[in-house]
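First the structure, in the form of structure tokens, and then the observations on it.
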Amino acid sequence: METKIVMPQLRYAADALAPVISEQTINFHYGKHLQAYVNNLNNLIPGTQWTEATLEEIAAKAEGGIGNNAGQVLNHALYFEQFAPKPAKTQPEGKLDEAIVKSFGSFEEMKSKMNAAASTLFGSGWAWLCAANDGDLSIMQMTNADNPLRHGLRPVLTFDVWEHAYYLDYQNRRPDYLAALWNIIDWQVIEARFEK
């Protein structure tokens, strides 16, 4: 069956994440940037070896324009999915919490390392909390459209540090944007990714 990449649906209204992420930013970031990556990818796939591949397979292995657009579709889908206007819990529990303590010493230390990775990434890209097959966690900086699947890792949590993700709301104050994101993380989504 031929691959057709579809826009991931938001689980919340465009204005629901304000003031952390404004409706204007959602409209541009989700509505225009992500839609462009989806459109580009659908235009690039026909006639290639990726015509029957999943988004994950394409994002993990494709090169060039197809790989870049697939990476950005996947990364943005994971980014927007992980938020909730009023998360049911403010930090992880269970197996994910145990893995965080094992890998970083504490939840606060993981947050500190994630913020450091995201705030010091030069240029455009992503900070990732990734899981290896054995459940060990690591934090990685990845530029442009790179993603954990390309490195044999499972994406668990991500912060988008392309300027379009935060500039309308925070201008050049990337650390303020990062600090605010923790208030809208849906830890049920993150736990499910880890346990998948």
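For A165, the conditions (1) out of contact with any Phe, Trp or Tyr (no Cβ under 8 Å at 6 or more places or on another chain); (2) open to solvent by less than 40 Å² (accessible area, probe 1.4 Å); (3) more than 22 Å from E98 (Cβ to Cβ) all hold with the exception of (1). Restricting the first member to the stretch 93-109 and to residues that are under 17 Å from R154 (Cα atoms), and the second to residues that are loosely packed, with under 12 Cβ neighbours inside 10 Å, the beta-carbon pairs closer than 8 Å and six or more apart or on different chains are I100/S106.
Going residue by residue through the stretch 39-54, is there one that turns out to be under 15 Å from the mean Cα position of the chain (by Cα) and touching a residue at least 40 places away in the same chain (Cβ under 8 Å)? Checked against the condition, which is being under 15 Å from the mean Cα position of the chain (by Cα) and touching a residue at least 40 places away in the same chain (Cβ under 8 Å), the stretch 39-54 yields no hits at all. The set of residues in the stretch 116-162 that are in contact with a Pro (Cβ under 9 Å, 6 or more places away or on another chain), open to solvent by 10 Å² or more (accessible area, probe 1.4 Å) and part of a helix (DSSP H, G or I) comprises S119, L149. With the requirement that a residue be exposed (fewer than 13 other Cβ atoms within 10 Å of the Cβ) and in contact with an Asp or Glu (Cβ under 9 Å, 6 or more places away or on another chain), what does the stretch 19-65 give you? Within the stretch 19-65, P19, P46, T51, E52 qualify. Can you spot a residue in the stretch 94-104 that is surrounded by 15 or more Cβ atoms within 10 Å (Cβ to Cβ) and in contact with a Gly (Cβ under 7 Å, 6 or more places away or on another chain)? Yes, the stretch 94-104 contains a residue that is surrounded by 15 or more Cβ atoms within 10 Å (Cβ to Cβ) and in contact with a Gly (Cβ under 7 Å, 6 or more places away or on another chain). For the stretch 168-196, name all the residues that are in contact with a strand residue (DSSP E or B) (Cβ under 7 Å, 6 or more places away or on another chain), open to solvent by 10 Å² or more (accessible area, probe 1.4 Å) and of a type in the set (A, V, I, L, M, F, W, C). Within the stretch 168-196, F194 is the sole residue that qualifies.
The values are calculated or read from the model by the stated rules, or taken from the named source; none is laboratory data. Because the structure is a prediction, the values reported are computed rather than measured. Counting neighbours? That spans all protein chains shown, and the Cβs are built from the backbone with ideal geometry, glycine included. Just the protein is used for accessible areas: all its heavy atoms, side chains included, with ligands, DNA and RNA removed. Shrake-Rupley method; radii C 1.70, N 1.55, O 1.52, S 1.80 Å.
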